[in-house]
Amino acid sequence: MSVLPLVFTSGWASGVNAYAVVLLLGLFGATGLTDEVPESLQRPDVLVVAGVLFVCEAVADKIPYVDSVWDTVHTVIRPVSGAVVAALLAGQSGSLSELAAGAIGGSSALASHTVKAGTRMAINTSPEPFSNVLMSTAEDLGVAGILTFAMFHPEAAAIIAGVLLLAGLLTLYFLVSRIRRFLRRRAQRREERRLVGRHGPPPPG
(Lines give C-alpha, C1' and ligand atoms only; values in the text may rest on other atoms or scores of the structure.)
Protein backbone atom coordinates (compact mmCIF):
# COMPACT_ATOMS: atom_id res chain seq x y z
CA MET A 1 0.00 0.00 0.00
CA SER A 2 1.32 3.45 -0.88
CA VAL A 3 2.63 5.55 2.00
CA LEU A 4 1.48 8.75 0.25
CA PRO A 5 -1.62 9.34 2.49
CA LEU A 6 0.49 9.00 5.65
CA VAL A 7 3.15 11.28 4.15
CA PHE A 8 0.57 13.99 3.45
CA THR A 9 -1.10 13.65 6.85
CA SER A 10 2.18 13.72 8.75
CA GLY A 11 3.21 16.78 6.75
CA TRP A 12 0.00 18.59 7.59
CA ALA A 13 0.39 17.66 11.26
CA SER A 14 4.04 18.78 11.29
CA GLY A 15 2.97 22.24 10.20
CA VAL A 16 0.77 22.43 13.29
CA ASN A 17 3.05 20.73 15.83
CA ALA A 18 6.20 19.09 14.47
CA TYR A 19 7.38 17.82 17.85
CA ALA A 20 4.08 16.05 18.51
CA VAL A 21 4.38 14.27 15.15
CA VAL A 22 7.91 13.00 15.86
CA LEU A 23 6.92 11.95 19.39
CA LEU A 24 3.72 10.17 18.37
CA LEU A 25 5.21 8.40 15.36
CA GLY A 26 8.16 7.28 17.47
CA LEU A 27 5.85 5.92 20.16
CA PHE A 28 3.64 4.20 17.57
CA GLY A 29 6.67 2.46 16.12
CA ALA A 30 8.25 1.60 19.48
CA THR A 31 5.04 0.04 20.79
CA GLY A 32 4.50 -1.99 17.62
CA LEU A 33 1.34 -0.17 16.61
CA THR A 34 2.71 0.20 13.08
CA ASP A 35 5.59 -1.02 10.96
CA GLU A 36 5.64 2.16 8.85
CA VAL A 37 7.82 4.13 11.30
CA PRO A 38 11.61 3.94 10.77
CA GLU A 39 13.82 3.01 13.70
CA SER A 40 15.50 6.42 13.68
CA LEU A 41 12.28 7.96 15.01
CA GLN A 42 11.96 5.28 17.69
CA ARG A 43 15.29 5.95 19.38
CA PRO A 44 14.98 6.87 23.09
CA ASP A 45 17.05 10.05 22.69
CA VAL A 46 14.82 11.23 19.83
CA LEU A 47 11.69 10.53 21.88
CA VAL A 48 13.07 12.37 24.93
CA VAL A 49 14.08 15.46 22.95
CA ALA A 50 10.76 15.48 21.07
CA GLY A 51 8.89 15.13 24.36
CA VAL A 52 10.73 18.04 26.00
CA LEU A 53 10.23 20.28 22.96
CA PHE A 54 6.58 19.27 22.77
CA VAL A 55 6.07 20.45 26.37
CA CYS A 56 7.85 23.73 25.55
CA GLU A 57 5.57 24.25 22.56
CA ALA A 58 2.47 23.32 24.55
CA VAL A 59 3.27 26.14 27.00
CA ALA A 60 4.46 28.78 24.53
CA ASP A 61 1.55 28.07 22.19
CA LYS A 62 -1.02 29.14 24.80
CA ILE A 63 0.43 32.57 25.64
CA PRO A 64 -0.75 35.52 23.52
CA TYR A 65 1.98 37.06 21.33
CA VAL A 66 4.50 34.49 22.61
CA ASP A 67 2.76 31.98 20.35
CA SER A 68 3.30 34.22 17.32
CA VAL A 69 6.99 34.64 18.17
CA TRP A 70 7.23 30.84 18.49
CA ASP A 71 5.50 30.43 15.12
CA THR A 72 7.94 32.86 13.51
CA VAL A 73 10.91 30.87 14.83
CA HIS A 74 9.34 27.66 13.50
CA THR A 75 8.62 28.96 9.99
CA VAL A 76 11.59 26.95 8.77
CA ILE A 77 11.63 24.21 11.42
CA ARG A 78 8.12 22.85 10.79
CA PRO A 79 8.35 22.49 6.98
CA VAL A 80 11.83 20.97 7.25
CA SER A 81 10.61 18.56 9.91
CA GLY A 82 7.62 17.63 7.76
CA ALA A 83 9.90 16.96 4.79
CA VAL A 84 12.36 14.87 6.82
CA VAL A 85 9.63 12.78 8.46
CA ALA A 86 7.98 12.24 5.07
CA ALA A 87 11.27 11.16 3.50
CA LEU A 88 11.93 8.73 6.36
CA LEU A 89 8.45 7.24 6.02
CA ALA A 90 8.94 6.83 2.26
CA GLY A 91 12.35 5.24 2.75
CA GLN A 92 10.87 2.81 5.24
CA SER A 93 8.07 1.65 2.93
CA GLY A 94 9.89 1.84 -0.39
CA SER A 95 6.62 2.67 -2.18
CA LEU A 96 7.39 6.34 -2.81
CA SER A 97 10.64 8.11 -3.64
CA GLU A 98 12.14 9.99 -0.71
CA LEU A 99 12.57 13.15 -2.77
CA ALA A 100 8.91 13.20 -3.76
CA ALA A 101 7.82 12.40 -0.23
CA GLY A 102 9.97 15.21 1.18
CA ALA A 103 8.44 17.67 -1.26
CA ILE A 104 4.90 16.60 -0.37
CA GLY A 105 5.52 16.53 3.38
CA GLY A 106 7.37 19.85 3.38
CA SER A 107 4.76 21.59 1.23
CA SER A 108 1.80 20.42 3.30
CA ALA A 109 3.67 21.34 6.49
CA LEU A 110 4.41 24.84 5.16
CA ALA A 111 0.76 25.32 4.17
CA SER A 112 -0.61 24.21 7.54
CA HIS A 113 2.04 26.25 9.37
CA THR A 114 0.92 29.32 7.41
CA VAL A 115 -2.67 28.68 8.44
CA LYS A 116 -1.69 28.25 12.08
CA ALA A 117 0.57 31.30 12.24
CA GLY A 118 -1.93 33.53 10.45
CA THR A 119 -4.84 32.36 12.59
CA ARG A 120 -2.85 33.08 15.76
CA MET A 121 -2.08 36.59 14.55
CA ALA A 122 -5.80 37.17 14.06
CA ILE A 123 -6.62 35.73 17.48
CA ASN A 124 -3.99 37.93 19.14
CA THR A 125 -5.89 41.05 18.09
CA SER A 126 -8.22 40.10 20.94
CA PRO A 127 -6.84 40.95 24.42
CA GLU A 128 -8.18 37.90 26.23
CA PRO A 129 -5.99 34.76 26.49
CA PHE A 130 -8.73 32.12 26.51
CA SER A 131 -9.02 31.83 22.73
CA ASN A 132 -5.29 31.06 22.53
CA VAL A 133 -5.64 28.25 25.06
CA LEU A 134 -8.70 26.81 23.32
CA MET A 135 -7.12 26.99 19.87
CA SER A 136 -3.83 25.44 21.05
CA THR A 137 -5.63 22.62 22.85
CA ALA A 138 -7.81 21.93 19.80
CA GLU A 139 -4.73 21.83 17.57
CA ASP A 140 -2.89 19.41 19.85
CA LEU A 141 -5.90 17.11 20.12
CA GLY A 142 -6.50 17.34 16.37
CA VAL A 143 -2.92 16.38 15.53
CA ALA A 144 -2.97 13.46 17.97
CA GLY A 145 -6.37 12.24 16.82
CA ILE A 146 -5.80 12.45 13.07
CA LEU A 147 -2.28 11.03 13.24
CA THR A 148 -3.53 8.08 15.31
CA PHE A 149 -6.44 7.61 12.90
CA ALA A 150 -3.93 7.63 10.02
CA MET A 151 -2.24 4.54 11.45
CA PHE A 152 -5.40 2.52 10.80
CA HIS A 153 -7.13 4.44 7.99
CA PRO A 154 -4.46 6.47 6.15
CA GLU A 155 -6.59 7.41 3.14
CA ALA A 156 -9.49 8.67 5.26
CA ALA A 157 -7.10 10.57 7.53
CA ALA A 158 -5.45 12.22 4.52
CA ILE A 159 -8.86 13.35 3.25
CA ILE A 160 -9.66 14.86 6.66
CA ALA A 161 -6.29 16.60 6.78
CA GLY A 162 -6.84 17.95 3.26
CA VAL A 163 -10.29 19.29 4.16
CA LEU A 164 -8.93 20.93 7.31
CA LEU A 165 -6.08 22.49 5.34
CA LEU A 166 -8.43 23.87 2.70
CA ALA A 167 -10.84 25.18 5.35
CA GLY A 168 -7.92 26.79 7.18
CA LEU A 169 -6.69 28.54 4.03
CA LEU A 170 -10.19 29.86 3.31
CA THR A 171 -10.53 31.06 6.91
CA LEU A 172 -7.15 32.76 6.63
CA TYR A 173 -8.41 34.67 3.58
CA PHE A 174 -11.26 36.13 5.61
CA LEU A 175 -8.97 37.01 8.52
CA VAL A 176 -6.58 39.15 6.48
CA SER A 177 -7.79 42.43 8.04
CA ARG A 178 -7.21 41.14 11.57
CA ILE A 179 -3.78 39.82 10.64
CA ARG A 180 -2.85 43.24 9.27
CA ARG A 181 -4.04 44.81 12.53
CA PHE A 182 -1.79 42.44 14.48
CA LEU A 183 1.20 43.28 12.29
CA ARG A 184 0.56 47.02 12.73
CA ARG A 185 0.44 46.59 16.51
CA ARG A 186 3.66 44.60 16.51
CA ALA A 187 5.40 47.20 14.36
CA GLN A 188 4.17 49.95 16.67
CA ARG A 189 5.49 48.13 19.73
CA ARG A 190 8.88 47.67 18.07
CA GLU A 191 9.03 51.37 17.25
CA GLU A 192 8.12 52.27 20.84
CA ARG A 193 10.86 50.00 22.19
CA ARG A 194 13.33 51.52 19.73
CA LEU A 195 12.48 55.06 20.84
CA VAL A 196 12.72 54.10 24.51
CA GLY A 197 16.12 52.52 23.90
CA ARG A 198 17.33 55.66 22.10
CA HIS A 199 15.92 58.35 24.40
CA GLY A 200 15.24 56.47 27.62
CA PRO A 201 11.90 56.17 29.42
CA PRO A 202 9.81 59.35 29.78
CA PRO A 203 10.19 61.25 33.10
CA PRO A 204 7.65 60.37 35.80
CA GLY A 205 4.63 62.59 35.89
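The values are calculated or read from the model by the stated rules, or taken from the named source; none is laboratory data. Quick caveat, the model's predicted, so the values are computed rather than measured. Every residue, glycine among them, receives a Cβ derived from its backbone with ideal geometry; neighbour counts consider all protein chains shown. What goes into the accessible areas is simple: the full protein's heavy atoms, side chains included, and nothing from ligands, DNA or RNA. Shrake-Rupley method; radii C 1.70, N 1.55, O 1.52, S 1.80 Å.
The listed residues are Ala101, Ala87, Ala83, and the only one of them that is part of a helix (DSSP H, G or I), under 22 Å from Leu165 (Cα atoms), touching a residue at least 24 places away in the same chain (Cβ under 8 Å) and open to solvent by 10 Å² or more (accessible area, probe 1.4 Å) turns out to be Ala83.
Entry remark, region 41-76: residues being open to solvent by 50 Å² or more (accessible area, probe 1.4 Å), within 26 Å of Phe152 (Cα to Cα), assigned to a helix (DSSP H, G or I) and of a type outside the set (Val, Ile, Thr) number 2 in total. Here Val163 clears all of (1) surrounded by 13 or more Cβ atoms within 10 Å (Cβ to Cβ); (2) modelled with pLDDT of 95 or more except the condition numbered (1).
Within region 6-39, the set of residues being within 23 Å of His113 (Cβ to Cβ) and among the polar types (S, T, N, Q) comprises Thr9, Ser10, Ser14, Asn17. Of all the listed residues (Gly15, Gly29), the sole one being assigned to a helix (DSSP H, G or I), closer than 30 Å to Leu183 by Cβ, open to solvent by less than 60 Å² (accessible area, probe 1.4 Å) and of a type in the set (Gly, Ala, Ser) is Gly15.
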